[in-house]
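J.: Encoded as structure tokens, here's the structure I'll be asking about.
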Amino acid sequence: MRAINHAMTGAIIGLSASAPVAIPLALVSHYALDALPHHNDEKISQKKFAEILAGDIALCFILAIIIFIIRPMDWWLAIICAFIATSPDFMWLRPYIDQRHDRASRPISERHVVVRLHEKVQWFQKPIGIVIEIAWGIITIACLYFLLRR
């Protein structure tokens, strides 16, 4: 699932749930979203992947800026939850950077509990999964629109 979908879901949780519950819910939401069918195209070039990743990261920052500017009730919790909801994928950042710079990196152990969890929940990653990602994006944008208006 794209980072922006994780971030928007986390922001919705932060705007809807109270502080002690919202943060673990945001973390769990990451794996719930990854269990949905989502997009992955192994034929994509490294350059195209980097462009998509950069756009995805930019959208996450834009979301945080919008929430900061509007400042709804518990806006800070919404931003924290958006970050927490995307955070499990940060473990892939170092190997990705090393690969981009042709550096040898220590591979993430396949036995690592987070890697095993990701592998179990991400059962469907194919190009057609973009349909689910777009639908989820539309739903979360609509929810955020109404939550940020109140």
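Throughout, read-outs are computed from the coordinates displayed, never taken from laboratory work. Here the structure is a predicted model, which is why all the values come from computation and not from measurement. Cβ coordinates were reconstructed from backbone atoms using ideal geometry, including for glycine residues, and neighbour counts include every protein chain displayed.
J.: Just the residues that are loosely packed, with under 14 Cβ neighbours inside 10 Å and in a loop (DSSP other than H, G, I, E, B), please, taken from segment 45-79.
T.: S45, R71, M73, listed by residue number.
Matching residues to (1) within 15 Å of R2 (Cβ to Cβ); (2) without any contact (Cβ under 8 Å) to a residue 24 or more places away in the chain; (3) assigned to a loop (DSSP other than H, G, I, E, B); (4) of a type in the set (A, V, I, L, M, F, W, C):
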position: R116; (1), (2), (3), (4): no, yes, no, no
position: G129; (1), (2), (3), (4): yes, no, no, no
position: I134; (1), (2), (3), (4): yes, yes, no, yes
position: G137; (1), (2), (3), (4): yes, no, no, no
position: C143; (1), (2), (3), (4): no, no, no, yes
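J.: Please count how many residues of segment 116-140 are under 23 Å from A78 (Cβ atoms) and surrounded by 14 or more Cβ atoms within 10 Å (Cβ to Cβ). So that I can check it myself, show each step before the final result.
T.: Within segment 116-140, the subset under 23 Å from A78 (Cβ atoms) is 133-140.
Filter once more, keeping what is surrounded by 14 or more Cβ atoms within 10 Å (Cβ to Cβ): 133, 136-137, 139-140.
Count: 5.
J.: Please verify whether D41 is surrounded by 12 or more Cβ atoms within 10 Å (Cβ to Cβ), acidic (D, E) and touching a Pro at 6+ places or on another chain (Cβ under 8 Å), treating the condition exactly as stated. Reasoning before the result, please.
T.: Details: surrounded by 12 or more Cβ atoms within 10 Å (Cβ to Cβ): yes; acidic (D, E): yes; touching a Pro at 6+ places or on another chain (Cβ under 8 Å): yes.
Judged against the criteria, D41 is a match.
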